[in-house]
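The values are calculated or read from the model by the stated rules, or taken from the named source; none is laboratory data. Note that the coordinates shown come from a computational prediction; the quantities given were computed from them, not determined experimentally. All Cβ positions, even for glycine, are placed from backbone atoms using ideal geometry, and neighbour counts span all protein chains on display. Each accessible area value is taken on the protein alone, full model and side chains, heavy atoms only, with ligands, DNA and RNA left out. Shrake-Rupley method; radii C 1.70, N 1.55, O 1.52, S 1.80 Å.
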Amino acid sequence: DELKAAVVMEASPRKVVAVLQTGDLITVTGEGLRPVASGLSDKAGPKVQIRRGAVVRAILGAKGDWVLTQQPEVEGAIVSVEPATGAIRALVGGFDFDKSKFNHVVQAWRQPGSSFKPFIYSAALEKGFTPLTVVNDAPLFFDAGATGSQPWEPKNYDGKFDGPMPLKQALAKSKNMVSIRILQSIGPHYAQGWASRFGFDADKHPAYLTMALGAGSVTPLQMASAFSVFANGGYRVNPLLITRVTDSQGRILQQTKPAALNESMRGIDARNAFVMTRLMGEVTRAGTAAAVQATFKRPDLYGKTGTTNDSMDAWFAGYHP
């Protein structure tokens, strides 16, 4: 839509003149060239160099000035769900429907990485752990005999080991070694069953220690629904996309009203949800997602970041009650 193709007529590090499909000439200078600065450099390779005849993408900025940009190589998705009703408030399944019909919110099965850790910690609370339980953040090694295949030597995201620390600090810093030790203590099969209370498929999360690092498979909609359980005090609510269908005259053909929260919908104890919310408040206050409270200047936002190997997937799952 607003991303226009243009052919470059003249190019320099300070100014690019290009012609749109409409025949209009556009001139881009200053901040408008920042996203493509690497292509205007003298050292730019032939594949990315912006020169006369090159095809570029331009978008009209908020102030009416043109900005040169690129079609993203990375796809993203966002879904926003009302915790008490399951009503889907916003759903973006990808960059451009004409480019790809694949809806990442409901169709993409991805590894959640560390954003899955709250469900492991929630299971640990049920087994007697508390936010102040001290667990050692020290190196771990599993030989082929223990894993059944390849030796496994997990690492923390920052490559450092900080020794004994309370659970609330370990979740805030997203310490992998602590999560693995917690899962060792409570048992992978117990954690697998506990995760199913949030709506996750047990067969998509094999009962191995790698579950502590989010090696299973989830969709973004599953993650939003699962975090809703923490947000609404422990109730499992199915997501709801269509509330009403009418004919051309406005007559209601079908209407769905969200069910009122009741004990038959309870997934976890309210106390567990309360403590997990406090733990995830540490994540957004002084942990890996500290930018959340710093940016929005409010203390009532909770959540967890997640990054898989080589940053193939990067997550933020969070909520406001």
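Brief remarks on what is shown
- Val92 vs. criteria in contact with a strand residue (DSSP E or B) (Cβ under 6 Å, 6 or more places away or on another chain), farther than 30 Å from Lys204 by Cβ and without any contact (Cβ under 8 Å) to a residue 24 or more places away in the chain: no
- Given (1) more than 23 Å from Tyr319 (Cβ to Cβ); (2) under 29 Å from the mean Cα position of the chain (by Cα); (3) charged (D, E, K, R), number of the condition Arg266 does not satisfy: (1)
- For the stretch 216-241, residues that are hydrophobic (A, V, I, L, M, F, W, C), at pLDDT 95 or above and part of a loop (DSSP other than H, G, I, E, B) total 1.
- Test result for Val48, hydrophobic (A, V, I, L, M, F, W, C) and either open to solvent by 100 Å² or more (accessible area, probe 1.4 Å) or modelled with pLDDT of 90 or more (or both): no
- Summed over the stretch 156-172, the residues that are open to solvent by 50 Å² or more (accessible area, probe 1.4 Å), closer than 20 Å to Phe119 by Cα and either without any contact (Cβ under 8 Å) to a residue 40 or more places away in the chain or not basic (Lys, Arg) (or both) give a count of 2.
- Tally of residues being without any contact (Cβ under 8 Å) to a residue 60 or more places away in the chain and surrounded by 15 or more Cβ atoms within 10 Å (Cβ to Cβ) across the stretch 67-76: 2
- Leu40 fulfils the conditions (1) on the phi > 0 side of the Ramachandran plot; (2) open to solvent by less than 50 Å² (accessible area, probe 1.4 Å); (3) without any contact (Cβ under 8 Å) to a residue 60 or more places away in the chain except for a single criterion, (1).
- Of the numbered criteria (1) touching a Leu at 6+ places or on another chain (Cβ under 9 Å); (2) among the aliphatic types (A, V, I, L, M); (3) more than 30 Å from His189 (Cα to Cα), the one Val92 fails is (1).
- Residue match in the stretch 77-99 (condition: open to solvent by 60 Å² or more (accessible area, probe 1.4 Å), more than 30 Å from Leu240 (Cα to Cα) and not β-branched (Val, Ile, Thr)): no
- Complete set of residues in the stretch 1-36 that are over 11 Å from Arg52 (Cα atoms), among the hydrophobic types (A, V, I, L, M, F, W, C) and touching a helix residue (DSSP H, G or I) at 6+ places or on another chain (Cβ under 7 Å): Leu33
- Only a single criterion out of (1) closer than 30 Å to Ala224 by Cα; (2) surrounded by 17 or more Cβ atoms within 10 Å (Cβ to Cβ); (3) in contact (Cβ under 8 Å) with a residue 40 or more places away in the chain is not satisfied by Val56, namely (1).
- Counting only helices (runs of 4 or more DSSP H) that sit completely within the stretch 122-213, those holding 1 or more residues that are out of contact with any Phe, Trp or Tyr (no Cβ under 9 Å at 6 or more places or on another chain), modelled with pLDDT under 95 and not β-branched (Val, Ile, Thr) correspond to 144-147.
- The strands (runs of 3 or more DSSP E) found wholly in the stretch 243-321 and carrying at least 1 residues that are modelled with pLDDT of 95 or more and surrounded by 19 or more Cβ atoms within 10 Å (Cβ to Cβ) occupy 302-307, 314-319.
- Count - residues of the stretch 105-136 that are surrounded by 21 or more Cβ atoms within 10 Å (Cβ to Cβ) and not hydrophobic (A, V, I, L, M, F, W, C): 8
- Residue match in the stretch 213-221 (condition: closer than 20 Å to Thr308 by Cβ, open to solvent by 20 Å² or more (accessible area, probe 1.4 Å) and hydroxyl-bearing (Ser, Thr, Tyr)): yes
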